[in-house]
Structures are given as structure tokens and as C-alpha cells.
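In what follows, a structure is listed as C-alpha cells, so that the remarks can point back to it.
The values are calculated or read from the model by the stated rules, or taken from the named source; none is laboratory data. Since this is a predicted model, take the numbers as computed values, not measurements. Cβ atoms come from the backbone with ideal geometry, glycine included; neighbour counts cover every protein chain shown.
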Amino acid sequence: MRIPVSSLAMGLLVAAAFAQDRDFSKVEIKAQKVAGSVYMLEEIGSKDKVPAFIKDVKGSGGDVRLMGFGHRVYKNYDPRARIIKQVAYEVFEVTGRNPHLEIALELERIALEDEYFVKRKLYPNVDFYSGIVYKALGIPVAMFTAIFALARTVGWIAQWNELIGDPDQKIGRPRQLFAGADRRDFVPITKRK
């Protein structure tokens with residue numbers, strides 16, 4: 001079996017090169033959203049400036065956006081955001097508290113209480129806290145695209161491996177077929193230690 005490591009490495013290098021440019025039209029969409037959240041928190045600067053920023057968002061007619069809020073599928077609080085928020089606290093226990101966290105928590109508090117955001121179903125999504133975690137881990141915003149590409153390479157290689165491993169398959173049409181047990185016993189989360 002041959003794995004095109006040079007192709008994979010070149011793809012990561014290209015992604016990293018694009019990430020060096022802050023022109024968001026060249027950066028992978030997912031990285032844009034996470035980077036947008038980080039840039040927004042940097043622009044706000046401190047917790048006491050959050051109310052003025054919220055006022056700008058509500059009065060700008062869409063010119064000023066609350067990045068990291070809302071999702072095309074989740075029309076309520078993104079369940080992944082709850083997980084990454086908890087991960088953020090765990091990371092900050094090791095790295096020290098990030099000053100952006102206070103701004104993020106205040107933005108979230110106001111948005112969850114303000115009828116303007118509730119009516120529009122703008123709840124924090126996974127992008128909102130993940131950028132703060134990446135920054136706390138020392139990953140520069142310019143490398144977010146490369147990080148997202150790196151995380152996806154396992155799936156890409158698995159699909160490629162399936163394609164070349166089946167001599168009858170002439171074209172790649174990856175599918176997700178669950179092959180696990182139909183039923184499993186488990187301990188309810190409330191009874192776990």
C-alpha cells in the first residue's frame with residue numbers, strides 16, 4: 001500500500017501558506033469562523049466594552065456581527081459548544097486564564113438573555129470557544145486552517161485507503177455505514193462517578 005505522503009504534506013503546506021494571509025476569502029471557511037471569533041474578542045478588548053459592542057451589533061444592520069453565534073443546523077445552544085467551553089476551562093487550568101474568556105463569557109451571558117439574539121436563535125456555537133482554546137495552546141490564528149486540515153487527514157486517508165483497497169471500485173463514493181452493535185448497555189451519566 002502506498003500513501004501519498006508528499007501530496008498530503010504539500011496540501012498542508014498550501015493550507016498553511018493561505019492561512020498566513022488575513023484575506024478571509026483565501027482561508028478555509030471553518031478557520032474563518034474560528035478566527036473571526038478570536039479577532040472579534042481582540043477588537044472588543046475588555047469585558048466592560050461588551051455592552052457597547054452588543055449595541056453596535058444590534059444597530060448596525062448587519063455590518064457588525066457577533067461571530068461564533070448561530071448555526072445553520074442547531075437552532076438552539078450548540079451541544080458541541082458546551083463541551084468545548086468545558087475544555088476551555090480545563091486548558092486554562094494548565095495555561096492560565098485567557099483574558100478573552102471574560103469577554104466571551106459576558107458576550108454569551110448577554111446574548112442568551114437579550115431578546116434580539118434569542119429571537120434570531122443566535123446561541124454560541126463550537127467556533128466561539130475553540131479559537132480561545134487554540135490561542136491558549138499557543139496556536140497562532142494564521143495556523144488555524146492547517147490545524148483543521150490536519151484533523152481531517154485521518155478521514156481523507158481512510159477514504160483513499162478504502163478506494164484503492166477495493167479492486168471493483170472505480171470511483172470514490174465514501175459512505176458512512178454503522179457496523180457496530182445495535183444495542184449496548186451503559187451507565188446513565190447521572191450515575192457515573
If you scan segment 67-113, which residues turn out to be farther than 24 Å from Val141 by Cα and either among the aromatic types (Phe, Trp, Tyr) or surrounded by 15 or more Cβ atoms within 10 Å (Cβ to Cβ) (or both)? Tyr74, Tyr77, Ile110, Ala111
Can you tell me which residue in segment 89-137 is farthest from Asp48 (Cα to Cα), limited to those that are of a type in the set (Val, Ile, Thr) and under 15 Å from the mean Cα position of the chain (by Cα)? Val126
Take the residues in segment 114-134 that are of a type in the set (Phe, Trp, Tyr) and farther than 21 Å from Lys58 by Cα; name whichever of them is surrounded by the most Cβ atoms within 10 Å (Cβ to Cβ). Tyr129
State whether the residues of segment 33-43 include one that is part of a helix (DSSP H, G or I), at pLDDT below 90, aliphatic (A, V, I, L, M) and more than 22 Å from Phe117 (Cα to Cα). no
Regarding Leu150, is this residue in contact (Cβ under 8 Å) with a residue 12 or more places away in the chain and not in a helix (DSSP H, G or I)? no
Among the residues of segment 57-75, write down those that are in a helix (DSSP H, G or I) and within 19 Å of Leu105 (Cβ to Cβ). Val57
